[in-house]
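The values are calculated or read from the model by the stated rules, or taken from the named source; none is laboratory data. This is a predicted model, so every value here is computed, not measured. Here the Cβ is made from the backbone with ideal geometry for all residues, glycine too, and neighbour counts use every protein chain on show. Note: areas computed on protein heavy atoms with side chains; ligands, DNA, RNA excluded. Shrake-Rupley method; radii C 1.70, N 1.55, O 1.52, S 1.80 Å.
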Amino acid sequence: MENSVRTHASRARHQTILQAALKLFLEKGFGATTLDQILDLSKASVGSFYHHFQSKVEVAAALYLETLETYQTAFLNELQRHRDARSGIEGTVRHHLRWTVRNPEKATYLTHCREPEVTEASEARAQGLNRAFFTRTGAWLLEQVQCGKIRRLPQPLYYALWMGPSDEFTRLWLLGPEPRDIRQFAKAENLLATTAWENMKARPPRAVD
């Protein structure tokens, strides 16, 4: 019981430090944020901080990786809910947009905050997460291609046609002035979901003269 309480407290402290770092990185930028500011906002002691992280760079890398993994897990969970090709393509686009609206700070960090030293510290793990993510999405797509529901294309084109438009829309929305207008999402959701499906759906065979 005592070990369980300690583990819970340790995880809570870990998350508190990450949340404080996220707020500061977005407000001040990674370079301008100091370790003292993270300690002050998170109310973590120096010893507690170094129990979880070795440096500010490690905090930033952990924040990026945890956010990436959370996003990818939620995306895959949504995708696996759908056996139908159209509902899967459209449902994941809608999920992406709604996740961004619910998590604008995390989405901003994931999209825009990639300092070179943070990229270097997180690259190996990020590549592993991305490989696993694209393996699972690729398997779902292949099944739909084999069923004749989704067009057969070179692998790199799929994600660009599927999520590219909504990725760009959310990227620009996140860069806009605050308070951000979430009404834009209501107007864009149906169009972006439909566009993704039109990009991906199988075409009927051409008639032979």
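In table form, for the structure just shown:
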quantity	calculated
Some residue of segment 88-107 being acidic (Asp, Glu), assigned to a helix (DSSP H, G or I), under 14 Å from the mean Cα position of the chain (by Cα) and within 27 Å of Gly29 (Cα to Cα)	yes
Extreme residue, nearest to Asn77 (Cα to Cα), among residues of segment 140-158 that are of a type in the set (A, V, I, L, M, F, W, C) and open to solvent by 60 Å² or more (accessible area, probe 1.4 Å)	Leu142
Any pair with Cβ under 6 angstrom, 6 or more apart, that starts in segment 54-83 at a residue that is free of Cβ contacts under 8 Å to residues at least 40 places away in the same chain and ends at one that is among the small types (Gly, Ala, Ser)	Glu78/Gly91; His82/Gly88; His82/Gly91
Pick from segment 128-155, criterion over 25 Å from Glu66 (Cα atoms) and in a helix (DSSP H, G or I), ranking: modelled with the lowest pLDDT	Gln155
Residue under evaluation Gly31, criteria (1) assigned to a loop (DSSP other than H, G, I, E, B); (2) of a type in the set (Gly, Ala, Ser); (3) over 20 Å from Ser122 (Cβ atoms); (4) open to solvent by 40 Å² or more (accessible area, probe 1.4 Å), criterion not met	(3)
Only one of His112, His96, His51 that is at pLDDT 95 or above and open to solvent by 10 Å² or more (accessible area, probe 1.4 Å)	His96
